[in-house]
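Here the structure comes first, spelled out in structure tokens, and everything after it is commentary.
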Amino acid sequence: MSRIDEQSERLEKKVRAGLQRITASPLGRYQSAVIRIGFSLTWLLFLLREFPHRQELYGPNGPWSWDLAQQLIADNHAFTALMWSDSQAWFECVYIVAVLASVLLMLGWHTRAMSVLFMIGVLSLQNRSIFVGDGGDNVIHLMSIYLVFTRCGQVWSLDARRAARARAAQKTLGGPAAEDRGGMVLWWVVGLALAAVTFTGDVSGGWLLLFWVLWAAQGVWWYVNRRAASGDPRLLCDVVANLVHNAALLVIMVEACLIYATAGWYKIQGSRWQDGTAVYYPLHLDYFSPWPALADLLSAYGPMVLLVTYGTVAVQVAFPFTVFNRRMKNVLLVFMMLEHAVIAVVLGLPFFSLAMIAADAVFLPTSFLRRLGRWAARARSRAFPGKQSTEVPGPRPAQEVEPMAARTPTART
């Protein structure tokens, strides 16, 4: 065999192995679970913090009136359920549903349905008043859409616990697994609500088509699981779901890299960032100084301001180029998360910082996340000695493969 033939054969094997990896299992199960918990928790805390001020922010009689919002929506065609009615009762209903969807998505209860409701809640409130936010709202806005296409409930969720119990019961008692009646009731309720919205004509064609496709896909998934749990239809559904999940996870990673790359390169062009004094100014703005004494302490030492200014730019510009180098990536992740933690405290931007930390978590190594999960499980067992784990012990499944950016290059719901 010639050398060219050998190289072609090796290339073909690599291509087959790559296709097998992205179709046979969802990559980054722990990473997707972390971003699910992180973004839903961030949005939940924001909604609860702003609950006393919800009328001024998103209410029909707020400063950005319902009529002004209606004119803007008619121009940009953004989706928001708050434009379906200007009644106070409807606004309260949408706000409460957004809170409940955040809680249930964070817990991982029927994550497919809850991820869609979470997206609807985020888009409805944010598109109602687009002038409310601090930058973190843009990240949550985008990630709420991407999460719909991920299989983010396979670990650290009530769905995973229910699946583990079903497998244990099936192994012990034999026979088919118990049917998820709660999921079917939820599917029918959502279908009836979607039919009502369709007949009223309140949703534009593109969004309406997306919602119907997602609803129908969930119905097909349930039917295949019940009628052909181990046949070719189930295998095909798994392959499609894995491809969509892996593509969405890649988009999330690329989005996080773009955020840091654009922020870093724009900072380079600013004169204050070039002379090393940019960090000094926000520390002395009343709007960004919840702790004036702490801000004065941090800005009193000139070399420290210079170091933080240049360090921020260097980390943001360098990070997208280090995602495939495990050691460098992990070091920069620590710096970026610490930076956002400091921003949360010193500048009074907790929700922006939480959103960015959640986005950064997609690059965390699987080994670290699994270790973190074991620590949390031990802490839970100490706090609640009577609670027993529902996980079924066994070998590491194929789904626990890390996304490429979280690994070293050499190295159902």
**OP:** Using a 1.4 angstrom probe on the protein heavy atoms only, line up F199, F363 by accessible area, largest first.
**Re:** F199, F363
**OP:** With a probe of 1.4 Å, find how much accessible area segment 241-359 has per residue, and write the answer as a whole number in Å².
**Re:** 54 Å²
Subject >> Low-density loop cleavage sites - chymotrypsin sites (Phe, Trp or Tyr not before Pro) in segment 242-317, where at most 14 other Cβ are within 10 Å (DSSP) >> reply: Y301
**OP:** Pop out the carbon and sulfur fraction of the accessible area of segment 92-223 as a percent, whole number, probe 1.4 Å.
**Re:** 72 percent
Subject >> Dipole of segment 143-256 [Lys/Arg +1, Asp/Glu -1 at C-beta], most positive-end residue of Y146, L158, Q218 >> reply: L158
Original post:
Counting only heavy atoms of protein chains, what accessible area per residue, in Å², does segment 13-109 have with a probe of 1.4 Å?
Top reply: 48 Å²
**OP:** Report the residues of segment 118-138 in range of a label on E255: point 7 Å along Cα→C-beta, backbone N strictly under 12 Å from it.
**Re:** 119, 123, 137-138
Subject >> Rough spin-label spacing in nm, given labels placed 7 Å along Cα→Cβ, for I130 and L100 >> reply: 3.0 nm
Subject >> Sequence of I252, I130 when ordered by accessible area, the most exposed leading, probe 1.4 angstrom >> reply: I130, I252
Original post:
Which of the peptides 30-36, 91-97, 165-171 is most tightly packed, and how do the rest follow, judged by the mean count of other Cβ atoms within 10 Å per residue?
Top reply: 30-36, 91-97, 165-171
Subject >> Probe 1.4 Å, all protein chains present, accessible-area order of W375, W66, W222, W291, largest first >> reply: W291, W375, W222, W66
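The values are calculated or read from the model by the stated rules, or taken from the named source; none is laboratory data. Worth saying up front: this structure is predicted, and the values here are computed from it rather than measured. All Cβ positions, even for glycine, are placed from backbone atoms using ideal geometry, and neighbour counts span all protein chains on display. Calculation scope for accessible area: heavy atoms of the full protein, side chains included, ligands and nucleic acids excluded. Shrake-Rupley method; radii C 1.70, N 1.55, O 1.52, S 1.80 Å.
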